[in-house]
Structures are given as structure tokens and as C-alpha cells.
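Visitor: Quick one: this structure, given as C-alpha cells, is what I'll be asking you about.
The values are calculated or read from the model by the stated rules, or taken from the named source; none is laboratory data. Computed from a predicted model, the values in this text were never measured in an experiment. Methodologically, a virtual Cβ is constructed for each residue, glycine included, from the backbone with ideal geometry; neighbour enumeration extends over all protein chains shown.
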Amino acid sequence: MNSRARFLAALNGAHVDRPPVWLMRQAGRYLPDYRAVRKQVSFWELCHAPELTTRVALEPLARFKLDAAIVFSDILVVPQALGLGVTFGTGEGPVIERRLTSASDLAAWQVRGAAERLGFVSQAVTHLKRALEGHYGLFGFAGAPFTLLAYCVEGGGSDDFLRARTLLHREPALAEKALATLADVTAEYLAAQCEAGADVVQLFDTWGGLLDAQTYARFCLPAIRRITTPLRKRGHRVMLFARGGQHLLPVLGEADVDGFSLDWRMDWRAARQRFPGHVLQGNLDPALLLAGAEPTRAAATQLLAQMREAEGGTRCIFNLGHGIHKDTSPEVVAALCDEVAAHG
Ligand code: CP3
């Protein structure tokens, strides 16, 4: 089975010889070629150069037995396209210059033309799609509205995004309007990635798990559906990754998606029981890879057995429960991918 055929079969619920595998952040600083590229160009320069985004997206496919690629970009391209001024400092993470604190800040967002200013990402998808020559599946992605809002309100990273969580309750109308705006730009942006050749797109709700289920259902799910419902009506596929969202499982069914990416704390069987017809993806703890090849292989074998319990493992995609840590050894990643491939 060719990788893309395996990947599409898993998405469609057809027979698979084994679950396809890709890894969140599979192109990144743990790879020497990525670090070499980043010595030459800044992160934004890299994101805007299709030859380079394709080069770094292909490197993990050349090294490891992976079945899908992900376009190289970042979720913060959306606030950047809205004119918020996003920079990536060395080490301390992203900084957003023009934080969202009031209705007048929101009024200053440059919504008109934002999707066009994001055209460089669909160009990266087109370029990568051509290089994949139909051999591999291809993911596009974007940040989910709340995760983007969290960065816009905080002005950068945070452990608890308290300012963003406070805004939801103190100024719910402003928060809803900002979430709807982010959603509408994202819907258009993801449609463009699908039209450029992405087989499926993933919404990263990295910080959604900070919210209780009621707040998530009130603010996040309507914004997510503004993205997913029109995309799915056009025949595009969408996955949702709600990191730290075990407690959100009872409400996530309202997201209108094809599948869920599970974080490492989620119980695979419990998720499968709740979502028998959805694609499920995940969910090895990235920390296992830092512990070495043996614990990684053992955990992978166990997870693959759980995947096989329903329908011979179709509608399952093997992945980590969050992105690969930058200190991960490429040898361990190779061992993991070999292990998954050996289960065919
Ligand atoms: O291989 C892939 O998975 C594709 C590339 C990808 C990047 N960012 C590249 C990147 C993806 C899917 C993302 C998504 C992303 N970006 C998320 C959601 C997923 C997650 O990890 O939870 C979030 C929250 C961001 C925001 C972001 N971008 C942060 C917080 C940082 C700095 C911290 C860090 O990990 O470096 C970035 C920068 C970034 N995005 C890097 C990469 C490879 C590192 C930049 C560098 O080269 O120095």
C-alpha cells in the first residue's frame, strides 16, 4: 500500500494494512537540516520561501517511514496577516505587538485582504504537493480560534492565558466577535489550503483544554463550526486537536469535524467508545521519545493493539499526543516509525 493510499483509506474508514503515521512538529529543530536552514534565514523568511518550506517538510519523510507530510508554517501567521505584528524572539517564544484589550483594538484588525496576505501558505502547499508526487498524504493546518485569541490577548505565550480566559467572562460580546473574526479568516484560509492540495486540515486548539466544558461549548465550539461546517460542505476534511481536552470529550462531538487528534493524557479506548465513526489520531506521550527507543517501541506496540480493537485499525492515525520536543533524538524517531511500519 502506498503511503497516501493508506492515509486516505484510514481517513475514509476503508481497509488498511496498518495505521498510517505522521508526527506533530515532524519538521523542526530536532532535525539537523532544519537547524542548518534556520542558521541562514529567520523563521518568517523560511515560512515565506516555498522552496525552503518544502525542503524542511520533506526532510522527515526522507529520513523516517512516515505516511504524511504537513505544510511548514505556523498558527501565528493569522494574527500576523491581521496586522498584529508577530515576532519570534530567540528562545522566549512568539511576541504579539498589538495585543487585543478592547473593542477599539479589534476594530483596528486588518480583516480585509487577510486571506490574500496568507496566500504564501497555499503557495507552500502547492509547492509541497508537487514534490510529494502523490506518494504521501498532506496536512494543512491553522490555529483554532480560541488558541489564536489566547495569543492575541496575552501578547505571547503563557502557562495559563489568564488574560484571555478573563476576557471571555468580562467582555463576552467582544470575545465572541474576535473569535468569529478569527474563524472567518481561518475558514477562507483553510479552504485555500485544501484547494491547493491538502488532503485534510487540522485545527490546533493547543490551549482549549484550559477552559471548562461549558465555556468551551459556549465560546469555542460555535467559532470552530464557523470553520468546519462550510469546509465539510465543500467536501474538505477537518481534524481537531484539543490539547489537554480530556474533560471536553462530552462536548467535542459538537465540533462538526471528521476526526480528533488526542493528546497523550486521553484514553484511546474511551475516545473510541465515544466517537466510533470518527477518525482518531494520536497519542503517544512525546516524553517517551526523550526516554529512548525501547520505551517508545513498547508504548507504540501497545497503542497499535488498542487501535486494532475496532475495525482492524481503520479510522486510526498514529501520532504523538503533542509536538516532538526539540531535544528528541532522530534515531528514536526512526525506531518509532520502524516499529509502526513493522505492524503491517
Ligand atoms: O512539522 C510541523 O508540525 C509543522 C510546523 C508547525 C510549526 N508550528 C512550526 C514552528 C506547526 C504545526 C506549528 C503549530 C503551532 N505553532 C502551534 C500549535 C501546535 C502546538 O505545538 O501546540 C502553536 C501553539 C504555535 C505557536 C508557536 N510557534 C510557538 C509557541 C513557537 C515558539 C516555541 C517553539 O516551540 O519554538 C513557535 C515557533 C515555531 N513554529 C517553530 C517551529 C519549527 C520554532 C521556530 C524556530 O525555528 O526557532
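Visitor: I'd like to know if segment 48-55 contains one or more residues that are more than 9 Å from the ligand (Cβ to nearest atom), of a type outside the set (S, T, N, Q), within 21 Å of the chain's Cα centre (by Cα) and closer than 23 Å to HIS322 by Cα.
Guide: yes
Visitor: Still on this structure, please answer the following. Could you check how many residues of segment 230-248 are assigned to a helix (DSSP H, G or I) and more than 18 Å from the chain's Cα centre (by Cα)?
Guide: 3
Visitor: In this structure, does ALA14 turn out to be free of Cβ contacts under 8 Å to residues at least 12 places away in the same chain and more than 11 Å from the ligand (Cβ to nearest atom)?
Guide: Values: free of Cβ contacts under 8 Å to residues at least 12 places away in the same chain: no; more than 11 Å from the ligand (Cβ to nearest atom): yes.
For ALA14, the condition - free of Cβ contacts under 8 Å to residues at least 12 places away in the same chain and more than 11 Å from the ligand (Cβ to nearest atom) - is not met.
Visitor: Looking at PRO250, PRO276 in this structure, which one is out of contact with any helix residue (DSSP H, G or I) (no Cβ under 8 Å at 6 or more places or on another chain) and either free of Cβ contacts under 8 Å to residues at least 24 places away in the same chain or farther than 23 Å from ASP159 by Cβ (or both)?
Guide: PRO276
Visitor: Another question, then. Give LEU58, LEU8 a once-over and let me know the one that is surrounded by fewer than 20 Cβ atoms within 10 Å (Cβ to Cβ), away from the ligand (no atom under 16 Å from the Cβ) and under 19 Å from the mean Cα position of the chain (by Cα).
Guide: Selected residue: LEU8, the only one of LEU58, LEU8 that is surrounded by fewer than 20 Cβ atoms within 10 Å (Cβ to Cβ), away from the ligand (no atom under 16 Å from the Cβ) and under 19 Å from the mean Cα position of the chain (by Cα).
Visitor: Follow-up question, since we're still on this one. Among the listed residues LEU118, LEU149, which satisfies the condition of being closer than 20 Å to VAL86 by Cα, among the hydrophobic types (A, V, I, L, M, F, W, C) and without any contact (Cβ under 8 Å) to a residue 60 or more places away in the chain?
Guide: Going through LEU118, LEU149 in turn, the sole match is LEU149.
Visitor: I'm trying to understand the selection: among the residues of segment 280-302, which are of a type outside the set (D, E, K, R) and surrounded by fewer than 19 Cβ atoms within 10 Å (Cβ to Cβ)? It would help to see each step written out before you state the result.
Guide: We begin by selecting, within segment 280-302, every residue of a type outside the set (D, E, K, R); these are 280-284, 286-293, 295-296, 298-302.
Within segment 280-302, PRO286, ALA287, LEU290, ALA291, GLY292, ALA293, PRO295, ALA298, ALA299, THR301, GLN302 meet the criteria.
Visitor: Now for a separate question. With the checklist (1) touching a helix residue (DSSP H, G or I) at 6+ places or on another chain (Cβ under 7 Å); (2) touching a residue at least 24 places away in the same chain (Cβ under 8 Å) in hand, flag the one item PRO295 doesn't pass.
Guide: So the condition that PRO295 fails would be (2).
Visitor: Filter segment 79-114 down to the residues that are at pLDDT below 95 and of a type in the set (Gly, Ala, Ser), then identify the one that is surrounded by the most Cβ atoms within 10 Å (Cβ to Cβ).
Guide: GLY93
Visitor: I need the full set of residues from segment 134-146 which are within 12 Å of the ligand (Cβ to nearest atom) and under 15 Å from THR228 (Cβ atoms), in order please.
Guide: GLY140, PHE141, ALA142, GLY143, ALA144, PHE146
Visitor: Failed condition for THR101, given (1) over 22 Å from LEU190 (Cα atoms); (2) more than 20 Å from the chain's Cα centre (by Cα); (3) within 15 Å of the ligand (Cβ to nearest atom), with all others met?
Guide: Answer for THR101: the failing condition is (3).
Visitor: Please give the number of the condition ARG226 fails out of (1) part of a helix (DSSP H, G or I); (2) touching a residue at least 40 places away in the same chain (Cβ under 8 Å); (3) over 15 Å from ALA144 (Cα atoms); (4) charged (D, E, K, R).
Guide: Evaluating ARG226 over (1) part of a helix (DSSP H, G or I); (2) touching a residue at least 40 places away in the same chain (Cβ under 8 Å); (3) over 15 Å from ALA144 (Cα atoms); (4) charged (D, E, K, R) leaves (3) as the failure.
Visitor: Given the structure, is VAL78 touching a residue at least 12 places away in the same chain (Cβ under 8 Å), part of a helix (DSSP H, G or I) and on the phi < 0 side of the Ramachandran plot?
Guide: yes
Visitor: If you don't mind, another one. Can you tell me which residues in segment 20-36 are more than 9 Å from the ligand (Cβ to nearest atom) and more than 16 Å from THR296 (Cβ to Cβ)?
Guide: Hits for segment 20-36 are PRO20, LEU31, PRO32, ASP33, ALA36.
Visitor: Quick test of your reading of the structure: THR87 fulfils all but one of (1) within 14 Å of the ligand (Cβ to nearest atom); (2) in a helix (DSSP H, G or I); (3) hydroxyl-bearing (Ser, Thr, Tyr); (4) touching a strand residue (DSSP E or B) at 6+ places or on another chain (Cβ under 9 Å). Name the failing condition by number.
Guide: Status for THR87: all satisfied but (2).
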